[in-house]
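Following: one structure in structure tokens, then a few remarks.
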Amino acid sequence: MKDQEMTVVEHLTELRKRIMWVLAVFIVALIAGFFLAGPLIEYLKQEPIADGVPIISLHPSDALRVYMQFAFLIGIVVALPVALYHLWRFVSPGLNMNEKRGSLYFIPAACFLFIVGILFGYYVVFPMIMQFMTNMTATIGADPNYGIAEYFGFMFNMVIPFGVLFQLPIIVMFLTRIRILNPMRLAKMRRFAYFGLAVVGIALTPPEIVSDILVTIPLLLLYELSIWLSQVVYRKQLQEAAEWESEYGYETEGTVR
């Protein structure tokens, strides 16, 4: 019991050190992001999406609020690969060599899909929503003047969720790797998944059929990509199980059936 308690303490100590490393990187990136926020804000204000949209300040703290929003997003983007790497290092002692090598690929893939999701939200979804909102404002005879904090806050609320949604293939691969999901189960859930993703796509877009389709189709393709990646992982698990059985003559606990 004493050895086990020491082992638990050692694991908690290691976890605390890794969390401190992630927090340190996040804080440094947050500070750097505060200085990078100004040029980034000016760049986004001159993008075609914001072209012709009067953006004004409605409160003395609006500028600080926007700076902190951008700094926080930059901090998350920079700290994400560091956090995933330390998570991998923490759980890797319990993995075999093939699992270590395979799970390490999740880190760049997750970061890449997060950035792709943000870009998709900004360049595809956000312009459609802004155009729809501007047209709605014009129908009531109001001038489309937006507070800078409200404008960028609305943008973040539209963009960041897509960065999270685009993590679906990575999550599915991970759950397949630990044998919680498999491609057959995902295929059976396809109709329910399609319905859920369609609801999400419709909820995040204006009530317009073209916008709904342009957002829902990529989400459905992500699900199909998740099924394909799950099949790749599942076949590899079957191959590893067959190799183990042929070498040792019996199935190991947790063998994929």
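The values are calculated or read from the model by the stated rules, or taken from the named source; none is laboratory data. What you see is a predicted model; the values in this text were computed from it and never measured. Note that we place each Cβ from the backbone using ideal geometry, even for glycine, and neighbour counts take in every protein chain shown. Side chains included, ligands, DNA and RNA excluded: accessible areas come from the protein's heavy atoms. Shrake-Rupley method; radii C 1.70, N 1.55, O 1.52, S 1.80 Å.
Quick rundown of the values:
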| item | result |
| --- | --- |
| Spacing of the two label points (7 Å from each Cα toward its C-beta) at ALA242 and TYR105, in nm | 1.9 nm |
| Portion, in percent, of the accessible area of the chain that falls on carbon or sulfur, probe 1.4 Å | 70 percent |
| For segment 97-244: rounded, prolate or oblate by the Cα gyration tensor [a/c cutoff 1.5] | prolate |
| Along the chain, longest interval not containing exposed GluC sites (Glu not before Pro), exposed being DSSP loop plus at most 15 other Cβ atoms within 10 Å | 1-207 |
| Ratio of Rg to Rh over the chain (Cα coordinates, Kirkwood Rh, two decimals) | 1.07 |
| Label point distance in nm, SER61-PHE35, each placed 7 Å from Cα along Cα→Cβ | 2.6 nm |
| Cα centroid separation, segment 218-232 to segment 67-141 (Å) | 18 Å |
| Distance between modelled label sites at ASN145 and ARG185, nm, 7 Å Cα→Cβ extension | 5.6 nm |
| FRET E, pair ILE171, TYR123, Förster distance 30 Å, beta-carbon r, rounded to 0.05 | 0.80 |
| Area accessible to solvent at ARG190, 1.4 Å probe radius, in Å² | 70 Å² |
| Dipole-positive endmost among GLY153, ALA198, PRO60 within the chain (Cβ charges, Cα centre) | ALA198 |
